[in-house]
1. Could you check the simple spin-label distance between Asp157 and Ala337, using points 7 Å along Cα→Cβ, in nm with one decimal?
2. Along each of the three principal axes of the Cα atoms of region 316-406, give the extent in whole Å, ordering the values from largest to smallest.
3. Evaluate the distance, in nm, between pseudo-label points positioned 7 Å from the Cα of Lys301 and of Asp212 along their respective Cα→Cβ axes.
4. Please list, by residue number, everything in region 53-85 whose backbone N is under 16 Å from a paramagnetic label point 7 Å out along Cα→Cβ of Asn126.
5. Between Ala219 and Ala166, what FRET efficiency comes out of the Förster formula 1/(1 + (r/R0)^6) with R0 = 25 Å and r the beta carbon distance, rounded to 0.05?
6. Counting just the Cα atoms, what span does region 115-238 cover along each of its three principal axes? Round to the nearest Å and put the largest first.
7. Which one of Asn389, Phe196, Ala426 has its Cα pushed farthest toward the positive end of the charge dipole of the chain, where Lys and Arg give +1 and Asp and Glu give -1 at the Cβ?
8. Multiply the residue gap between Thr260 and Thr246 by 0.36 nm, knock off their C-alpha separation, and tell me the result in nm, one decimal place.
Amino acid sequence: MKKTLTVLLIAVIALSSVFAQGATEATAKAGSVYWLNFKPESDAALQELAAAYTAETGVAVKVVTAASGTYSSTLTAEMDKDAAPTLFVVGNAAGVETWGDYCLDLKGTKIADELSTDAYNLYDANGKLCSIGYCYECFGIIVNTDLLAKAGYKLSDIKNFATLKAVAEDIHARASKLGFDAFTSSGMDSSSSWRFTGHLANAALYYESVADNWTACPATIKGTYVANFKNLWDLYINNASVSPKTLATGGYDAEAEFGTGKAVFYQNGNWEYDALTSKYGLKDSQLAMIPFYCGVEGEEKAGLNCGTENCWAINSKTSAADQQATMDFMVWAVSSAKGTEILAKTFGAIPYKKAAAPANVFLAQANQYTADGKYVMTWAFNYTPNVDNWRAGMVSAMNQYDADQTAANWETVKTAFVQGWATQYAAANN
């Protein structure tokens, strides 16, 4: 009898071992996800996202967040490990050059099919889709729609540069009677000049990058659309309550001017939303953002200036099971009610068809422009070589022009724009 029981016990143990091994193999076959996160401020939300997916599917998702400013070194260290990230960030052309061999080609995949735009995708020289944007920011011209209405206009009256110019100049001409002006101040001190030498410059750089098909920082630029940059700059500085001659010294607070109802138009980005609503009490219904209308043909179809360095890549060196698990997780994150809710909460706008509406009205409007078929003005200013030095040259030239708006002084601005680029490219690539 004892012998029989012993034999049965051995059989049960053996079967248990077989079942346990089978379960382990099944889990391994199913794959898992390891996301090396680029954004420290989103860590808590992404841990929530991972837990929600695991609870729903049983698939393990690990999110590790690199400390601020350490992503590149952390990624290099983690990629050397046996259990390397299956999902990581390749956010610019330099990243593609460094990590392109580790990027699974995402063309024709399920996650690519979920995209609402191709604007934030990064390709290598051979056309491989290395990484795709998963969130973005936007900037343009913020509008106080209540003040616009008090001036006798609707947002739909502004469709291009000609209509923007007509509205702005009319408001400026009646500023004393209306009690507000067209544009906020355009101070050229360091706290403000980046809005113009960086973001406004994108109007010219974007259109040239499209016309000349930039895929990397060019050694030289033509300045084809510098006149369009001038269109907006002249409109800004000549239709505000402050003299252009005073802009060099700065000291203005454009945010406060807009927030307290002193101007209809204010160039800035979605990051202003919290201050304008919380600090100044403006309501969503009072706020809109319009594109950089600057006189380019067909600009009626323009959307906002949108960009990101937050682009997902799937590790091509990991197992097929992990790649599939990672793909499935990404698709769930951008298409499920729970996934898009969490992503909208932490990232705001995500460029996917089933994206939840962001709470930030400017990001919601950026999504709507895309949904309406408008083209995205992508962030070509990110190509700028030796960016601080190039912008410093622009500030100096623009200050000279603002003080005396002659054709000769504008040529100085164009020289800083075009020749300054070549000079800084050579310095950066010496």
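Where a number appears in this text, it was derived from the coordinates with a stated rule and is not lab data. Just so we're clear, the structure is a prediction, and the values are computed from it rather than from any experiment. Counting neighbours? That spans all protein chains shown, and the Cβs are built from the backbone with ideal geometry, glycine included.
1. Simple spin-label model gives 4.3 nm for this pair.
2. Principal-axis extents of region 316-406 (Cα, largest first): 62, 36, 24 Å.
3. Between Lys301 and Asp212, the label points sit 2.3 nm apart.
4. Answer for region 53-85: none.
5. Values: r = 40 Å, r/R0 = 1.58.
Between Ala166 and Ala219 the formula returns 0.05.
6. Computed over region 115-238, the largest-to-smallest principal extents equal 60, 33, 28 Å.
7. Most positive-ward Cα: Phe196.
8. 2.9 nm
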